[in-house]
Each structure stands twice: as C-alpha cells, then as structure tokens.
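*Asks:* Please find one structure pasted underneath; my questions will follow.
The values are calculated or read from the model by the stated rules, or taken from the named source; none is laboratory data. The shown structure was predicted, so the numbers you read here are calculated from the model rather than taken from an experiment. Note that we place each Cβ from the backbone using ideal geometry, even for glycine, and neighbour counts take in every protein chain shown. Heavy atoms of the whole protein, side chains included, go into the accessibility calculation; ligands, DNA and RNA do not. Shrake-Rupley method; radii C 1.70, N 1.55, O 1.52, S 1.80 Å.
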Amino acid sequence: MATLLSQSPGDGPWDAPLATASSGEGQELALRQLLAPDGLKITAEPLRRLEDRAVMAYELRWRLPRLDALPSRDDIWAAADAYGVAEALDDALIRAQLGIAHRVAPAGVLINLTARRRSRPGLGALLGRHLEAHGIPRSRVVWQLSEQDELEVAAPTAELALDLRLRGYRLSLAEVGEGRMRISVLARVHPDLVHVDRSLVEGVEHDPGVAAALRGLLEFCSGTGAILVAGGVSTGAELDHLLDLGVRYGHGPLFGTAPVVAGPGAQELLLPERVLGLEEAVARGPRLRVAISVPASDGVAPELPLAEALGHAARSFQGEQDPQQVLETAADQLERLVPCDGLAMYQADWDALRFRPLLARSGAEPAYVAGVMGHSFPLSAGITGWAFDLGTPQLINDADSHPAAGHVPGTSPDDESMLVIPMVAGDHRLGVVNVTRFRRDAFSAQELTMATLIVHMAAAAWRNAQLYSEQLQHAITDPLTGLLNTRWLRDAGRRELALAERSGRQLMLLMIDLDKFKKLNDSCGHAAGDTVLRAVALELQRAIRAEDAAVRYGGEEFVLLLHDAGPEGARRVVRQLRTRLARIPLPPGAAIAKVTASFGIAAFPDHGRTVTKLLQEADSAMYAAKRRGGNRAVRA
C-alpha cells in the first residue's frame, strides 16, 4: 500500500491525513488540480434580448475536466466526499464563478444551485458571505433552481426560494419543460427568470400545444413580473416563432458557443457592444405591485414591489414566539396585501378530526366573526375541507356553486369568492386560512400567490412558536401531573414576590404533603399512586384561581401560591381541598381510607421576603400539622 502524497502546512483541506491506497493517489492529484488557483474551467453563455441580441446576463457553468482518475461528475464529488473536501470544492466553484461577475459588468450572472449545494446548512448566509467577499451586489446574481433536481438531500425548492428571496437574492427556475411544467411550483418560487428548456423551444414551430404552453407561461410571467428565457435556440425559424409569441430573451447555439472564461484554456471575454444588464432588463419587465400599509412621511401608504412587500411581511414574523400573535400578525399582513371582507383561520384538530376556529375578522359583516368562532366542523367538510385534503391553495370565485360548498351558521348566504390556503410546515398540516370577499369573481391568481406566500411564512412561524411554547412549557411542567415544577418556582417565584411587593398585596404560600401516601404505594403499587397524584393535581387546579399557581414540589408534596389572598383566603382554599381530596376514589385494597393532607401556611411579607424563606416557614408549619395527626393546616 503506497502512502498518498504528503502535504505542506497551510494546504487547507489537505492538512488532515489522507487514506492510503494506490488507486487513491490519482484521485488526490486530480482533486488538488481542481482546488488549485484557476483549476476550475468555467464557461459563460450569454443570455440575449432576442430582438437586438443585447446581452442581459451570462450563465456560468462548470465544464468537467478530462481526468482519468475521476471521469465523471459523480466520481469527482464521491472522491471529494471521501477526502472531506466537498465543501471546499463547492466554495472554490462559487469563488470562480463570482470572480467572473466583475468582468462582465453591467451584465448579470446566473449560477446553479444544485441539489448538493442546496443541502449545505445556512446556504442563504453562505452565499451572502461569498458575495460580500467579492463586493458584488445581490441584484447582479441570479441563483438558478431546477425543477428536475433530485431533492432527497436538499431543502424543498419553495422553502429555500422563499428564504433566498427574503434575503434579497434574485432567482431563476431553470429547465422548465413541457412535461414537467407546474404553475404551482412557479407560483410558490416566484422567480425573477423562468428558464424554459429545449423541449419547449424545439416544438414551437410545429406543435400548437407547445405554443399554447409558452403563451401560458408568458401570461404568468406578465402577471408576476418574471422574465421568460428560451433555452437552446438553434435556428432562425425558432427565433422568429419565439418573437411572434412575445418571448423576448433567450440563448442557444444560434448565438454561438459558450466560451471558456476561467480555468484551463480560458479565453479573453470580449463584451458585445450592446450590454443591457440584468438590472435594466428586470426594471423594464412588468412588475407586480401591491399596496401595503407602511407609514410614509406624507401619511400615504406607498405601493411596494412584491419582493419588498414580502420582506416587510417576513420581518414582522421574526422573533415572534407567541403562537396566537403569529396568527394576528399573519392576519394583519393578509389584510394589507389582499384586502377582504372576511378572514378566518382554523387549526386542524387531528385527535377529533375537526377544524377548530382560531381567529376571525370582518369589517363588512359583524355576524361573520361570531359565526366563524362559534362553529367547529369535520376536516372533510365544505370547501375548506376539500382544499385542505388537496393540500394546495385554491381560488374559488363562485363559492356557492362549488360542489363542496357548505354554510357557516350565523353568516350571510350571499355570493362569495374565496382563497382557501392550507397551512403547512414541513410534513405538518397545521390548519387552513380562508380569505373571503362577499361577491363573485373577486380574486385574481396574483392575489392567490401573494396570500399563499404570506400563509407559507405564517405556517412556518406558527409551527416554530408552537414548538417554542411546548418546549418552554415542558421545561417548567411536571410530566406526571401537569403542574408547574420546582424550576418554575425557583425562576418565577422571585417575580411573583416582586409583583406582590409592588402592588402592596399579600401573597400566601401553602406547603401541602399527602398523609400516609407511602402506605398507598406499598399496598397498591406505584402506578396506582401515580393515578392518585394526578387526581390530586387536578383538584389543586380546580381549587385555585387563574392568577394563582400550583406546583409539584416533589414526591407527594405540593406548593400553592395564592395572590392577593390573606390568611382567610388561604384557610378557605384549605377547606375546599380537604373536601375535594377526601372524594378522590382509591383503588381496591388501599391501606388508607381516604386521601388527606397536611398544610403549612406562610404569608408574604410577614414570614419572609424570599421564596426560600417562605418555603422554610411553610415546611416547618406543615410538619407541625403532621405531628398533630395530619389532615389539618397550621400557620407559620
């Protein structure tokens, strides 16, 4: 076995020892060659305005070298993975491609985001660091996503696209072809460029279906402000037909081969006389504009492009950890972007298989809110259930005539148009949002796109807020009884006392210990004892008010914090609890006749000004109650 070539200090990814294998020496040398300065061969194919061949941007591609040891792209990446230099190779590719951007200014550059690259953690921030290092504005680079890429190891296209757009990047959806074209994907990604592949372009001369598909894409692009780019234009006849259809941009063999502009065999890149530039091309395209209520100096809410409006919406969700507030924020953004007569949000209750209303708004019909909030219905019912089952956003411009139509009790049966958008976060179907106007034919496809993007952001933020709330609740909750735990008492107890001191109100602390509970565990088992503990916890919660707190202190010990309650209030709670505890059913064979407890009572500030001191005083009083036979209360 031959040892692979040694490396000198400072060789970056090669600082770590490499495996030993004679066949590996060639692979290592090949990878070193690729990672060396100017080791990556990059081609630049111009994207042209078809009418005058002015260059809008250059599509930059990595041309594979001829390497005996690594004959294919898969072989190169497999070797890079094996030697731990895959990310270094990908970074080198990005640097090589961005290095060309300065040379082609003011034209933009298009760079592929392969499935491998999309799988890298923190991709949005990573791309931002590369652009900053090269001093290139984000508006001059278009990152290309492909509908054909395998996505098993990569982030879902739409979620990644939304993240990148909110960071200010331009996007292209590449290789859109006749058999794969899905307008729903285009609507969710909302690209700046829609790059149709050769399968559509070559059929434009003789296939009316292809021409119709291109017209549909052009209509979509016209509505969303995207630029349609025809790929692989090969003949003058194809060019003429594309121009007749209204396609303005393209590339392909008709305009010459793509030169090598970096790496081995690089040629000098001569810019054409007419360079349109990406900024100018995008600026000339039709841009979808939406009105949002952003305060302006003159008090008038200005119109903002969709990307800016979405950025404003995304910022409103950032850092929000209250699930209900996330929904309120989503409702605010929807009402700004898509004004409506009624707005309803439902949660999917998968245990009961029903929709539970969470939020309703209507400035047009007061009965709408009461009707929505008072009505729960099966997950399969009505237009809402139909759209939720499909899992995709739906535009219904005549809700009354829809075969799945139902009626929400208490609301007007007048004509309605609806946007019905499922709330989905990853694999979790969380609920659905209904946006309603009280007339027919009231919504456009553009409004469905805008509302869908807002709901998509809201679903992710809502899910995160739910997880945060659950984690926070788990951290301060006793898993057996559902009561607060000693961590809460330690962390929040100081705040409770400070609040009582500021308000000048008394606070009572009760230490509670179940009498002879060990006999119950010994006679009936710990499972039966746990059942009784849960029943005790339920009675504690029933005996106190919402502003009070019940804590499982440990074992069969509990603590109650009673706000704005003096000694008489504490005694009243004790009397209720003695009665309630005695009614808890016991398992057959229990060694005790009924559940009783000893209570120790301490008052703030009379018996202490810290949680620790109050616990000590209440604990001493509780043991005094034990010594007197239990089933009684003693005040410190």
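*Asks:* Which of the peptides 332-344, 120-132 is most tightly packed, and how do the rest follow, judged by the mean count of other Cβ atoms within 10 Å per residue?
*Replies:* Values: 332-344: 21.5, 120-132: 14.5.
Sorting 332-344, 120-132 by mean packing, highest first, produces 332-344, 120-132.
*Asks:* If you don't mind, another one. Where does each of 384-393, 613-622 land if you order them by average Cβ count within 10 Å, highest first? Spell out each step's value before the answer.
*Replies:* Working: 384-393: 18.2, 613-622: 20.5.
Sorting 384-393, 613-622 by mean packing, highest first, produces 613-622, 384-393.
*Asks:* Now for a separate question. Just grab the label-to-label distance for residue 64 and residue 545, each label 7 Å out from Cα along the Cβ direction, in nm (one decimal).
*Replies:* For residue 64 paired with residue 545, the spin-label model returns 7.5 nm.
*Asks:* Can you tell me how segment 523-636 classifies by the Cα gyration tensor, rounded, prolate or oblate, using a/c under 1.5 as the rounded cut? Write down the numbers at each step before the final one.
*Replies:* Numbers: a/c = 1.95, a/b = 1.66, b/c = 1.17.
Prolate shape, in that a/c is at least 1.5 and a/b is the bigger ratio.
*Asks:* Residue by residue through segment 388-397, which ³J(HN,Hα) values in whole Hz follow from phi under the Karplus form 6.51 cos²θ - 1.76 cosθ + 1.60 (θ = phi - 60°), with glycine and proline marked x?
*Replies:* Computed from phi, the couplings for segment 388-397 are 5, 5, 5, x, 10, x, 10, 10, 10, 8 Hz.
*Asks:* For residue 262, enumerate residues with amide H under 5 Å from its amide H, sequence gap 5+ or separate chain, H modeled in the peptide plane.
*Replies:* Answer set, sorted by chain and number: 42, 267.
*Asks:* Percent of accessible area on segment 471-533 owned by carbon and sulfur, 1.4 Å probe? Each step should come with its number before you reach the end.
*Replies:* Values: 1730 of 3400 Å².
The C+S portion of the solvent-accessible surface of segment 471-533 is 51 percent.
*Asks:* Highest mean first, what order results for 572-578, 346-352, 505-511 on Cβ atoms within 10 Å? Can you show the working numbers first?
*Replies:* Values: 572-578: 17.1, 346-352: 15.3, 505-511: 23.6.
In descending order of packing, they fall as 505-511, 572-578, 346-352.
*Asks:* Distance in nm between label sites at residue 568 and residue 271, each 7 Å beyond Cα in the beta-carbon direction?
*Replies:* 8.8
*Asks:* Classify segment 334-435 as rounded, prolate or oblate from the Cα gyration tensor: take a ≥ b ≥ c as the square roots of its eigenvalues, call it rounded if a/c is under 1.5, otherwise prolate when a/b beats b/c and oblate if not. Walk me through the intermediate numbers first.
*Replies:* Values: a/c = 1.36, a/b = 1.32, b/c = 1.03.
Because its axes are fairly even, with a/c under 1.5, segment 334-435 counts as rounded.
*Asks:* When a/c reaches 1.5 or more, the comparison of a/b and b/c decides; with that in mind, is segment 459-535 rounded, prolate or oblate per its Cα gyration tensor? Intermediate results must be reported in sequence, preceding the final value.
*Replies:* Details: a/c = 3.90, a/b = 1.25, b/c = 3.11.
Oblate, because a/c is 1.5 or more while a/b does not exceed b/c.
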